[in-house]
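Read the structure below first, then the notes.
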Amino acid sequence: MCVECNGLDVRLEVDPALIVEDPTRAVLDGALRWYGDLRKKMSFARGELESIAQHYQTSLELPWQELPERMFSACSMCFIGWLMRAIR
């Protein structure tokens with residue numbers, strides 16, 4: 001996953017190997033390293049991920065490896081947004 005920032009000479013890349021903790025787990029069970037186990041907490045991030053899953057007509061209950069490929073791109077963009085807000 002790569003995001004080009006036009007005019008700023010910045011390129012953000014997300015390596016799935018560094019993001020996905022365990023592709024056999026569901027997102028809610030900690031498949032994604034930066035979110036952890038989302039079953040234990042309700043957060044803004046969980047709400048965002050649930051909205052993404054609903055948009056793509058899938059479920060965060062499924063193992064990561066069974067989700068559509070576009071879920072990774074959408075979740076990566078969500079993470080990049082969080083990261084950009086944190087470093088401002």
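The values are calculated or read from the model by the stated rules, or taken from the named source; none is laboratory data. Given the structure is predicted, the values throughout are model-derived calculations rather than measurements. As a convention, Cβ positions derive from the backbone with ideal geometry for all residues, glycine included, and neighbour counts pool all protein chains shown. We work out accessible area using only protein heavy atoms, side chains counted, and drop any ligands, DNA or RNA first. Shrake-Rupley method; radii C 1.70, N 1.55, O 1.52, S 1.80 Å.
Selection of segment 35-46 for residues being surrounded by 11 or more Cβ atoms within 10 Å (Cβ to Cβ), of a type in the set (A, V, I, L, M, F, W, C) and either farther than 11 Å from Cys75 by Cα or at pLDDT 90 or above (or both) yields only Leu38. Restricting attention to segment 47-88, the residues that are open to solvent by 30 Å² or more (accessible area, probe 1.4 Å), modelled with pLDDT under 85 and outside any loop (DSSP other than H, G, I, E, B) total 12.
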